[in-house]
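Pasting a structure below so you can have a look.
The values are calculated or read from the model by the stated rules, or taken from the named source; none is laboratory data. Being a predicted model, the structure only gives us computed values, none of them experimental. In this analysis, Cβ positions are derived from the backbone assuming ideal geometry, glycine residues included, and neighbour counts consider all displayed protein chains.
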């Protein structure tokens, strides 16, 4: 969406095993998504987008309703999100997997793009140490495989909670969100940064 709608702000909103997120990007622009567990292969109909979202998010907070009303269905995409089991290897011969090719994950912890940048930093660093391509790629794999596996599994765990796989855990998470001051989130971000390749 091009302009930040007036009076839409605040923390992530979650309920009914669904979620809505809105993040500022720059100059009044923002990124958003709605997360609703749906059957795989469901046809996309842009003409019913607002009605569908209004139905899925009926009873949610006014900022969510305002965002739905402000959407342009012709420029809003619905995509299916899946993850796969983490790979045990990221390198074969002289080929290395980076980014989503190496660690496709759900967006539940917001680390996909960051992990891809970490991959690039590590790959650059190992090639500064040696011109031996095979050795450099083995070192890249050694440094990245466990980290990206952990990110995929952490995102999957959060996805299961968000989508109500075990509603007792989901309800406990909702209670945490109601009491969240932001401090735990900031500390978690610091831990993530410090455990990365530059930490």
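Residue 50 versus (1) surrounded by 15 or more Cβ atoms within 10 Å (Cβ to Cβ); (2) in a loop (DSSP other than H, G, I, E, B): which is the lone unmet condition?
Among (1) surrounded by 15 or more Cβ atoms within 10 Å (Cβ to Cβ); (2) in a loop (DSSP other than H, G, I, E, B), residue 50 violates only (2).
Would you call residue 154 under 23 Å from residue 83 (Cβ atoms), touching a helix residue (DSSP H, G or I) at 6+ places or on another chain (Cβ under 9 Å) and outside any helix (DSSP H, G or I)?
Against the criterion (under 23 Å from residue 83 (Cβ atoms), touching a helix residue (DSSP H, G or I) at 6+ places or on another chain (Cβ under 9 Å) and outside any helix (DSSP H, G or I)), residue 154 does not qualify.
Let me ask something additional. Return yes when residue 96 is assigned by TED's automatic domain parsing to the domain that holds residue 188, modelled with pLDDT of 95 or more and surrounded by 20 or more Cβ atoms within 10 Å (Cβ to Cβ) and no when it is not. Steps first, please.
Values: assigned by TED's automatic domain parsing to the domain that holds residue 188: yes; modelled with pLDDT of 95 or more: yes; surrounded by 20 or more Cβ atoms within 10 Å (Cβ to Cβ): yes.
Answer is yes for this residue.
Would you confirm whether any residue within the stretch 151-164 is within 23 Å of residue 107 (Cβ to Cβ), in contact with a strand residue (DSSP E or B) (Cβ under 7 Å, 6 or more places away or on another chain) and buried (at least 18 other Cβ atoms within 10 Å of the Cβ)?
Taking the stretch 151-164 first, the residues within 23 Å of residue 107 (Cβ to Cβ) are 151-164.
Now narrow it down to the ones that are in contact with a strand residue (DSSP E or B) (Cβ under 7 Å, 6 or more places away or on another chain): 162.
Cutting the leftovers down to buried (at least 18 other Cβ atoms within 10 Å of the Cβ) gives us 162.
Yes, the stretch 151-164 contains at least one residue that is within 23 Å of residue 107 (Cβ to Cβ), in contact with a strand residue (DSSP E or B) (Cβ under 7 Å, 6 or more places away or on another chain) and buried (at least 18 other Cβ atoms within 10 Å of the Cβ).
Can you find a residue in the stretch 123-139 that is closer than 22 Å to residue 83 by Cβ and assigned to a helix (DSSP H, G or I)?
We begin by selecting, within the stretch 123-139, every residue closer than 22 Å to residue 83 by Cβ; these are none.
Looking through the stretch 123-139, none of the residues is closer than 22 Å to residue 83 by Cβ and assigned to a helix (DSSP H, G or I).
Condition check ((1) part of a loop (DSSP other than H, G, I, E, B); (2) modelled with pLDDT of 90 or more; (3) not assigned by TED's automatic domain parsing to the domain that holds residue 46) across all residues:
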residue: 64; (1), (2), (3): no, no, no
residue: 84; (1), (2), (3): yes, no, yes
residue: 104; (1), (2), (3): yes, no, yes
residue: 114; (1), (2), (3): no, no, yes
residue: 117; (1), (2), (3): no, yes, yes
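Within the set of pairs 6+ apart or on separate chains, which have a first residue in the stretch 51-62 that is modelled with pLDDT of 90 or more, a second that is part of a helix (DSSP H, G or I), and C-beta atoms under 8 Å apart?
53/68; 54/65; 54/68
Could you tell me which of the residues 159, 145 is within 17 Å of the chain's Cα centre (by Cα) and at negative phi?
From the options 159, 145, the qualifying one is 159.
Quick one: would you say residue 111 is over 22 Å from the mean Cα position of the chain (by Cα) and either touching a residue at least 24 places away in the same chain (Cβ under 8 Å) or surrounded by 10 or more Cβ atoms within 10 Å (Cβ to Cβ) (or both)?
Judged against the criteria, residue 111 is not a match.
Please verify whether residue 22 is at pLDDT 85 or above and either assigned by TED's automatic domain parsing to the domain that holds residue 150 or surrounded by 15 or more Cβ atoms within 10 Å (Cβ to Cβ) (or both), treating the condition exactly as stated.
Taking the combined requirement at face value, the residue does not satisfy it.
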